[in-house]
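The values are calculated or read from the model by the stated rules, or taken from the named source; none is laboratory data. What you are looking at is a predicted structure, and each value in this text was computed from that prediction instead of being measured. All Cβ positions, even for glycine, are placed from backbone atoms using ideal geometry, and neighbour counts span all protein chains on display. Surface accessibility is based on the protein's heavy atoms, side chains included, excluding ligands, DNA and RNA. Shrake-Rupley method; radii C 1.70, N 1.55, O 1.52, S 1.80 Å.
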Amino acid sequence: MRAVQLGNIFLTLTFAASIISAQTGPAADGQRLYQANCNNCHGPNGDSITGVDLGHGKFRRASTDDELRNIIINGIPGTGMPPASIAPPQAMNIVAYLRSLAPTTSATGDAAHGKALFASKGCASCHRVLGTGSRTGPDLTEIGSYRRVAELETSLTDPSAEILAENRTFKATAKDGSTITGRVINEDAFTLAILDSRERLISVERADLRDPSYSKTSAMPPFKDRLTSQELADLVTYLSSLKRIDAK
Ligand code: HEC
Ligand code: HEC
């Protein structure tokens, strides 16, 4: 087993953008239809067209589900929004999907205050943003490009609800009987590179490990009862502003 201090190492990690797990139901059907019919123009987060934001449950030209369905079916005459040949029930499923993207708190977030909370609530003791903070949790520098508002909200209130494969906590027993816990940041057929809870990079041979497993619960504490709904909205607004530089 080899342990090295991370500070001296330059790590380049590329993670595939998250694929939302396959589900069933109206919103899941709506998501498939959205990806097939709307993604090209509106983008995966619904915010690719300037001035239009389909991901926050507030629309300029519609307030009810029926109005949204009519826009989807008829388009908006005189604009770049075309009619779609989608049957009304399927259009309603798209509406269900768009509604599911909306954050559950009605509070409007303040990104600057969210940034301050990120420091004061201890997020930086596990997460890194633009080179500052800890590496034990995932780097959040570009999290706004990969996660939608509703997903970010769930990440904070109920971290174990959905964990990306590369963010799971790995646990195993080493040859010498010691326990290894951490995040697998690289692996091949023979070796695992693990970042342990003290930010040390450990390289271990698979053959030397007993009982390897991934934890189903997040190493992140739920913040449900530790944040007011305003604080939650502020943090989520801050996180969703953290976008890939070239995607800003
Ligand atoms: C060819 C590009 C294009 C496609 C495809 C497209 N849209 Fe649009 N959509 C637009 C444009 C442009 C606007 C803005 C129109 C305006 O208000 O000027 C818009 C506006 C909207 C609005 C109104 C937003 C608001 O704030 O009121 C909704 C809702 C919407 N689109 C949903 C969809 C859905 C759902 C699909 C897929 C079934 C879709 N669009 C497919 C281009 C497109
Ligand atoms: C004790 C360490 C710890 C603390 C404190 C912590 N997190 Fe986490 N966080 C993690 C770990 C580990 C994960 C990866 C597992 C998961 O997705 O839950 C994670 C996941 C996340 C994710 C999802 C990342 C993704 O790619 O899906 C977000 C967003 C997040 N944390 C934000 C925060 C914010 C904001 C705070 C402060 C309010 C915070 N975390 C505090 C350890 C922590």
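The stretch between ARG61 and THR228, if pulled fully straight at 0.36 nm per residue, gains 57.0 nm over its current Cα-Cα span.
Shape of segment 33-83 from its Cα gyration tensor (a ≥ b ≥ c, root eigenvalues): rounded if a/c is under 1.5, otherwise prolate when a/b > b/c, or oblate? Rounded shape, in that the Cα axes give a/c under 1.5. Taking a cut-off of 29 Å between Cα atoms, list the lysines near LYS224, but don't count ones fewer than 8 places away on the same chain. Hits, sequence-local ones excluded: LYS58, LYS115, LYS121, LYS171, LYS216, LYS243. Tally Lys/Arg at +1 and Asp/Glu at -1 over every other residue whose Cβ is under 13 Å from the Cβ of ARG183; what's the total? Value of the local net charge: +1. For the chain, what is the mean residue ellipticity at 222 nm derived from helices alone (per DSSP H run of n ≥ 4: -39500 (n - 2.57); sum divided by total residues; nearest 500 deg cm²/dmol)? Rounded to the nearest 500, it is -8500 deg cm²/dmol.
Dipole size of the chain about its Cα centre, with +1 on Lys/Arg Cβ and -1 on Asp/Glu Cβ: approximately 260 debye, rounded to the nearest 20. Protein heavy-atom accessible surface, 1.4 Å probe, per residue over the chain: 59 Å². Building the convex hull from the alpha-carbon atoms of the chain and averaging its projection over directions returns 15.6 nm².
Extension gain ASN40-THR24, at 0.36 nm per residue separation less the Cα-Cα distance, in nm?
3.5 nm
Report in % the part of the accessible area of the chain that belongs to carbon and sulfur, leaving out ligands and nucleic acids; probe 1.4 Å. Looking at the chain in its full context, I get 53 percent from C and S. For SER215, neighbours were defined as the other residues whose beta-carbon sits under 9 Å from its Cβ, and their charges (Lys and Arg +1, Asp and Glu -1) total +3.
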